[in-house]
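Undergrad: The following block contains the structure, expressed as structure tokens.
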Amino acid sequence: MASVSLTNVVKAFGAFKVVHGVDLDIADGEFVVLLGPSGCGKTTTLRMVAGLEDVNGGEIRIAGEVINDRAPKDRKIAMVFQNYALYPHMTVRQNMEFALKPQRLSKAEVDAKIAGVAAMLGLDVLLHRKPAQLSGGQRQRVAMGRAMVRTPEVFLFDEPLSNLDAKLRTQVRMEIAKLHKQLGTTVIYVTHDQVEAMTLADKIVIMKDGHIEQIGSPEEVFARPKNLFVATFIGSPSMNLFRMTAERGDTGTVLSSPAFSLLLPVELGAKLKPGQAVTLGVRPSDVRLAQAGDADAIEARVEVVEYLGVEALVDLRIGTQEFIAQIPASERPALDQAVKVVFNPAGLHLFDSESGQAL
Amino acid sequence: MNRLSTRQATLVYSVTGIILIIFMIPIYLILASSLKPSADMFSRPPTVFFTPTLQHYVDLFTLRPFHWNIINSLIVTLGSTVFSVTIGALGAFALSRIRHPRINDAAFWILSMRMFPPIAVVVPYYIIFKSVGLLDTPLALIIVYSTANIPLTVWLMKGFFDEVPEALEEAAQVDGYGIVEIFYRITLPLAAPGLAVCAVFCFIFSWNEFLFALMLTGSSAQTATVAVMSFWSSDAVQWGRIMAGSFIILIPGVIFVLTCQKWLVKGLTLGSVK
Ligand SMILES: Nc1ncnc2c1ncn2[C@@H]1O[C@H](COP(=O)(O)OP(=O)(O)OP(=O)(O)O)[C@@H](O)[C@H]1O
Ligand SMILES: [Mg+2]
């Protein structure tokens with residue numbers, strides 16, 4: 001087991017820079033998820049840690065040692081590839097033996113390790129099959145098994161679940177979480193699926209265009225997004241955004257826009273100067289239908305209602321401003337109706353409209 | 001595969017049958033002529049029923065040292081095939097994996113070696129081999145055939161290596177292997193059908209080659225194809241021996257292709273990724 005740290009790591013393909021100075025510290029045993037939209041440099045970053053791509057600048061350390069120039073085989077890592085990369089001409093057992101061979105263990109040790117991993121992952125009955133004779137889920141399991149037998153210091157996963165169907169994905173996700181708890185090995189896990197990130201990670205690293213936007217626990221990135229990108233990227237459906245101007249009202253700071261105005265709680269209002277352009281973010285789950293007696297209710301028109309079983313998503317409109325409310329399905333209004341909604345005061349997020357940074 | 005309807009099946013089998021007959025007629029004629037007594041060779045109409053004789057085959061090995069010609073052919077052919085496939089596969093692996101903007105130019109340059117008309121280079125080869133004392137040796141033919149076989153192998157194998165997912169090599173890298181081990185334990189086994197194809201091409205080319213063998217060998221390194229031709233002299237054409245020799249020449253190629261056939265299976269990479 002080992003810590004991993006990246007200091008100002010840079011990667012360019014020719015003149016095309018894809019990772020711009022990434023700083024990241026991963027503690028021993030931590031499960032870190034790199035999350036971001038397609039093409040943001042997650043895979044590239046992971047491959048640099050694996051040693052499959054050269055590092056063009058900065059330093060990568062594993063267990064405190066700079067490993068920039070070490071071959072992948074000298075990094076004590078194991079990787080699970082997106083497409084599994086099982087050796088097709090070898091059986092499941094041979095795949096694992098092949099991964100173990102460089103460690104020069106005795107036959108008994110190899111057999112014991114394979115038996116242990118096979119039992120843990122339920123691969124016993126598959127050991128004599130070739131990859132072509134396995135289902136997608138089984139191949140995924142074998143890929144993990146092949147990585148696990150080597151008992152590496154760090155596990156690297158590149159979108160290991162993206163080729164599985166939704167149900168299997170949930171199941172394997174839970175297994176990975178369980179395995180991590182059991183083994184306690186440091187994990188770097190790449191995905192663009194935020195559910196995977198939220199459920200698995202001790203720490204989420206949100207990337208965009210080769211930059212890190214925010215590093216934090218799942219709770220932190222959800223509850224306290226550092227900027228507009230993180231705010232809208234995390235959470236589904238994404239956070240509603242309203243462009244507003246701060247004004248000094250009789251009872252405190254008021255946000256106003258052509259669509260509506262809203263009195264801010266005192267501590268939020270204190271952060272704003274009159275006249276400041278701000279973007280107000282409210283998650284759909286923090287929008288609810290107003291009840292009798294709610295002050296400051298906002299009137300909006302119901303455009304679309306999506307029934308999801310327990311909940312319903314209601315697309316609302318005030319003038320040109322559109323937003324979504326996520327409410328209990330039993331409360332869902334009829335189409336084209338005017339409804340009154342209120343925002344949960346604890347769920348208001350304020351961002352500077354120019355810089356996009358949280359206030 | 002879909003099952004064929006009766007009409008489709010009839011069509012497929014008739015066409016296959018016709019093609020088969022067209023290809024088999026010369027072979028039949030060779031075999032039949034090699035077994036005919038010399039007297040029946042040119043009787044008109046051709047005799048369909050005759051008393052077969054092995055006399056031509058016996059003559060071939062008793063009056064002529066045909067077994068030595070066969071051995072020469074085998075040395076030259078196997079030598080060139082093994083050498084070309086080994087060197088060609090290594091070169092193809094490099095061309096397939098090195099990322100460089102001009103790499104395709106290099107690949108084309110290698111292939112262009114194959115485009116020389118043989119007749120244009122036979123004299124220079126003769127002069128070179130004469131000056132280094134390689135004339136009339138199997139080594140000379142191995143070198144010449146390899147200059148033709150290597151480009152072909154490089155070009156063919158590059159295609160096969162391109163098909164092997166690089167992720168497999170990366171996985172092996174992470175698992176702790178160096179490039180040499182990865183090549184012969186992962187990449188090469190997965191490109192085995194390509195090796196078989198190349199070996200067949202190299203074998204057939206070298207085995208059948210006539211022009212260089214005629215010009216560059218005399219008596220001691222003479223190959224089977226040249227030997228058969230020598231039965232055709234100005235005073236007499238020994239048809240029976242030519243046919244018997246030709247039939248013997250056909251055999252190793254068939255055996256070699258059948259041996260390689262089991263490697264010519266597709267889909268060896270099935271199940272590695274996805
Ligand atoms: N070998 C390469 N040569 C040139 N550009 C590359 C290469 N590999 C990746 N890139 C570029 O680097 C950028 C980051 O790619 P990367 O694969 O790291 O993205 P990603 O975050 O993993 O995306 P995805 O979620 O789609 O897998 C992309 O713009 C991609 O086009
Ligand atoms: Mg990727």
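The values are calculated or read from the model by the stated rules, or taken from the named source; none is laboratory data. Please read all numbers here as calculations on a predicted model, not as lab measurements. Every residue, glycine as well, gets a Cβ built from its backbone with ideal geometry; the counts of neighbours run over all protein chains shown. Heads up: the accessible areas ignore ligands, DNA and RNA and are worked out on the full protein's heavy atoms, side chains in. Shrake-Rupley method; radii C 1.70, N 1.55, O 1.52, S 1.80 Å.
Undergrad: Given the conditions (1) in contact with a Phe, Trp or Tyr (Cβ under 9 Å, 6 or more places away or on another chain); (2) more than 12 Å from chain B (Cβ to nearest Cβ); (3) of a type in the set (Gly, Ala, Ser), report the number of the one that A:Ala143 does not fulfil.
TA: In the conditions (1) in contact with a Phe, Trp or Tyr (Cβ under 9 Å, 6 or more places away or on another chain); (2) more than 12 Å from chain B (Cβ to nearest Cβ); (3) of a type in the set (Gly, Ala, Ser), A:Ala143 misses (2) alone.
Undergrad: Is it true that some residue in segment A:339-347 is open to solvent by 30 Å² or more (accessible area, probe 1.4 Å) and touching a helix residue (DSSP H, G or I) at 6+ places or on another chain (Cβ under 6 Å)? Walk me through how you get there before you give the answer.
TA: So the first thing to find is which residues in segment A:339-347 are open to solvent by 30 Å² or more (accessible area, probe 1.4 Å), and the list is A:340, A:344-346.
Add one more test, that the residue is touching a helix residue (DSSP H, G or I) at 6+ places or on another chain (Cβ under 6 Å), and what stays is A:344.
Checking segment A:339-347: at least one residue is open to solvent by 30 Å² or more (accessible area, probe 1.4 Å) and touching a helix residue (DSSP H, G or I) at 6+ places or on another chain (Cβ under 6 Å).
Undergrad: Return yes when A:Arg104 is in contact (Cβ under 8 Å) with a residue 12 or more places away in the chain and away from ligand 1 (no atom under 16 Å from the Cβ) and no when it is not.
TA: Details: in contact (Cβ under 8 Å) with a residue 12 or more places away in the chain: no; away from ligand 1 (no atom under 16 Å from the Cβ): yes.
Here the answer is no, as A:Arg104 does not meet what is asked.
Undergrad: For segment A:261-359, give me every one of the strands (runs of 3 or more DSSP E) that falls completely inside it and has 2 or more residues that are under 27 Å from the mean Cα position of the chain (by Cα). First the steps, then the outcome.
TA: On the way: elements: A:261-263, A:277-282, A:287-289, A:298-307, A:311-318, A:321-328, A:338-343, A:348-352.
Counting at least 2 such residues, we get A:277-282, A:287-289, A:298-307, A:311-318, A:321-328, A:348-352.
Undergrad: Among the residues of segment A:12-22 satisfying the criterion of being in contact (Cβ under 8 Å) with a residue 24 or more places away in the chain and within 8 Å of ligand 1 (Cβ to nearest atom), which is most open to solvent (accessible area, probe 1.4 Å)? Before the answer, list the steps.
TA: So in segment A:12-22, the residues in contact (Cβ under 8 Å) with a residue 24 or more places away in the chain come out as A:12, A:17-22.
Imposing the further condition that a residue be within 8 Å of ligand 1 (Cβ to nearest atom) reduces the set to A:18-19.
Details: A:Val18: 24, A:Val19: 0 Å².
Among residues in segment A:12-22 that are in contact (Cβ under 8 Å) with a residue 24 or more places away in the chain and within 8 Å of ligand 1 (Cβ to nearest atom), the one most open to solvent (accessible area, probe 1.4 Å) is A:Val18.
Undergrad: What are the pairs with Cβ atoms under 7 angstrom where one residue, in segment A:151-162, is in the same structural domain as A:Arg75 (by TED's automatic domain parsing) and the other, located anywhere, is part of a loop (DSSP other than H, G, I, E, B) and of a type in the set (A, V, I, L, M, F, W, C)? Sequence gap at least six, or different chains.
TA: These pairs meet every condition: A:Glu153/A:Met1; A:Glu153/A:Ala2; A:Glu153/A:Ala63; A:Val154/A:Ala2; A:Asp158/A:Phe81.
Undergrad: Let me ask something else. Residue check: is A:Ile67 within 30 Å of A:Glu213 (Cα to Cα) and crowded, with 23+ Cβ neighbours inside 10 Å? Spell out the reasoning first.
TA: Numbers: within 30 Å of A:Glu213 (Cα to Cα): yes; crowded, with 23+ Cβ neighbours inside 10 Å: no.
So A:Ile67 fails the test.
Undergrad: Moving on to the next point. For B:Leu78, which of the numbered conditions (1) assigned to a helix (DSSP H, G or I); (2) open to solvent by 90 Å² or more (accessible area, probe 1.4 Å) fails to hold?
TA: For B:Leu78, the failing item is (2).
Undergrad: Right, something else. When segment A:23-56 is examined, which residues are found to be touching a helix residue (DSSP H, G or I) at 6+ places or on another chain (Cβ under 6 Å) and within 14 Å of ligand 1 (Cβ to nearest atom)? Walk me through how you get there before you give the answer.
TA: Looking only at segment A:23-56, we keep the residues that are touching a helix residue (DSSP H, G or I) at 6+ places or on another chain (Cβ under 6 Å), and these are A:31, A:33-36, A:50-53, A:55.
If the condition is that a residue be touching a helix residue (DSSP H, G or I) at 6+ places or on another chain (Cβ under 6 Å) and within 14 Å of ligand 1 (Cβ to nearest atom), then A:Val33, A:Leu34, A:Leu35, A:Gly36, A:Ala50, A:Leu52, A:Glu53, A:Val55 are the ones that fit.
Undergrad: Turning to a different aspect of this structure: Can you spot a residue in segment B:208-217 that is modelled with pLDDT of 90 or more, in contact with a Gly (Cβ under 8 Å, 6 or more places away or on another chain), away from every other protein chain (no Cβ under 14 Å) and within 30 Å of B:Phe160 (Cα to Cα)?
TA: yes
Undergrad: Still on this model: Just checking, which of B:Pro165, B:Pro138, B:Pro117 is surrounded by 13 or more Cβ atoms within 10 Å (Cβ to Cβ), away from chain A (no Cβ under 14 Å) and not hydroxyl-bearing (Ser, Thr, Tyr)?
TA: Numbers: B:Pro165 fails: away from chain A (no Cβ under 14 Å); B:Pro117 fails: surrounded by 13 or more Cβ atoms within 10 Å (Cβ to Cβ).
Only one candidate qualifies: B:Pro138.
Undergrad: In segment A:158-213, which residues are in a loop (DSSP other than H, G, I, E, B), within 14 Å of another protein chain (Cβ to nearest Cβ) and either buried (at least 21 other Cβ atoms within 10 Å of the Cβ) or within 14 Å of ligand 2 (Cβ to nearest atom) (or both)? Explain how you work it out, then say what you get.
TA: So the first thing to find is which residues in segment A:158-213 are in a loop (DSSP other than H, G, I, E, B), and the list is A:159-165, A:184-185, A:192-193, A:201-202, A:209-210.
Within this subset, residues satisfying the condition of being within 14 Å of another protein chain (Cβ to nearest Cβ) are A:159-165.
A:Glu159, A:Pro160, A:Leu161, A:Ser162, A:Asn163 - these are the residues of segment A:158-213 that are in a loop (DSSP other than H, G, I, E, B), within 14 Å of another protein chain (Cβ to nearest Cβ) and either buried (at least 21 other Cβ atoms within 10 Å of the Cβ) or within 14 Å of ligand 2 (Cβ to nearest atom) (or both).
Undergrad: Tell me, please, whether a residue that is assigned to a helix (DSSP H, G or I), away from ligand 2 (no atom under 16 Å from the Cβ) and at the interface with chain B (Cβ under 7 Å from one of its Cβ atoms) can be found in segment A:49-61. Can you show your working first?
TA: We begin by selecting, within segment A:49-61, every residue assigned to a helix (DSSP H, G or I); these are A:49-50.
Those left that are additionally away from ligand 2 (no atom under 16 Å from the Cβ): none.
No: segment A:49-61 contains no residue that is assigned to a helix (DSSP H, G or I), away from ligand 2 (no atom under 16 Å from the Cβ) and at the interface with chain B (Cβ under 7 Å from one of its Cβ atoms).
Undergrad: Quick check on my filter: what residues within segment A:296-338 are small (Gly, Ala, Ser), surrounded by fewer than 18 Cβ atoms within 10 Å (Cβ to Cβ) and within 18 Å of A:Ala259 (Cβ to Cβ)?
TA: Of the residues in segment A:296-338, the ones small (Gly, Ala, Ser) are A:297, A:300, A:309, A:312, A:319, A:325, A:329-330, A:334, A:338.
Going one step further and asking which of them are surrounded by fewer than 18 Cβ atoms within 10 Å (Cβ to Cβ), we end up with A:297, A:309, A:319, A:329-330, A:334, A:338.
Within segment A:296-338, A:Ala297, A:Gly319, A:Ala338 qualify.
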